[in-house]
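Okay, structure first, notes after.
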Amino acid sequence: MRVAPTVTLTDPQRQTLEQWARGRSLPARQVERARIVLLAAADRQDLEIAAELRISNQKAARWRKRFLAAGITGLEKDAPRPGRTPSIPAATVEQVIRTTTRQRPRDATHWSTRSMAAQAGMSEASVRRIWKAHGLKPHRVETFKVSNAPQCAEKLQAIVGL
């Protein structure tokens, strides 16, 4: 039978953990972790802790090791996880941003989600998500937009000439 490493608590650590274990407004995870460490400090093995708290022995061992490695701060938060891999590669996102900010479509005054999606070879919703994440609103550019309408120059001259 394997023996778990012993946990030795200082008085301030013990007081903090006992306060957490009695906590009613703390997250349940934090309360459970405090109980695990307190039982480990009372020379209980992981199997005994698991049986008493109705958790897996792997969980008891994990939080014992985490406390020994990082102290009380190791019990407060979960370890960071990598998360889902992005479905759109970073190079494609950069290309959409670069095209949106530096180029103009051939047949329009500004990019729309549909025209950019056709240009980039992705869905309209993907373009919309990229624009939203980077705060791009090409339809709300505050500068003058040149029209692609036929006879634009003559119409403009007629209006400005008035």
Checklist entry - With Ala69, Ala34, Ala91 as the choices, which residue is part of a helix (DSSP H, G or I), among the small types (Gly, Ala, Ser) and closer than 30 Å to Met122 by Cβ? => result Ala91
Item to check | Every residue from the range 98-119 that is part of a helix (DSSP H, G or I), of a type outside the set (Ser, Thr, Tyr) and open to solvent by 40 Å² or more (accessible area, probe 1.4 Å) | outcome: Arg98, Arg102, Arg114, Ala118, Gln119
Next on the checklist: Just to be sure I understand, how many residues within the range 7-31 are under 15 Å from Gly71 (Cβ atoms), of a type in the set (S, T, N, Q) and in a loop (DSSP other than H, G, I, E, B)?
Outcome noted: 2
Item to check | Verdict on Thr10 being among the polar types (S, T, N, Q), at pLDDT below 95, open to solvent by less than 90 Å² (accessible area, probe 1.4 Å) and farther than 30 Å from Arg128 by Cβ | outcome: yes
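In the set Ala51, Ala79, which member is among the aliphatic types (A, V, I, L, M) and either exposed (fewer than 11 other Cβ atoms within 10 Å of the Cβ) or part of a loop (DSSP other than H, G, I, E, B) (or both)? Even if it seems obvious, please write down each step before you answer.
Numbers: Ala51 fails: either exposed (fewer than 11 other Cβ atoms within 10 Å of the Cβ) or part of a loop (DSSP other than H, G, I, E, B) (or both).
That would be Ala79, the only listed residue that is among the aliphatic types (A, V, I, L, M) and either exposed (fewer than 11 other Cβ atoms within 10 Å of the Cβ) or part of a loop (DSSP other than H, G, I, E, B) (or both).
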Checklist outcome for this item: Ile72: passes all of (1) among the aliphatic types (A, V, I, L, M); (2) within 30 Å of Thr8 (Cβ to Cβ); (3) within 23 Å of the chain's Cα centre (by Cα) but (3)
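The values are calculated or read from the model by the stated rules, or taken from the named source; none is laboratory data. All values derive from a computational prediction rather than experimental measurement. In this analysis, Cβ positions are derived from the backbone assuming ideal geometry, glycine residues included, and neighbour counts consider all displayed protein chains. Quick note on the areas: whole protein, heavy atoms, side chains included, nothing else; ligands and nucleic acids left out. Shrake-Rupley method; radii C 1.70, N 1.55, O 1.52, S 1.80 Å.
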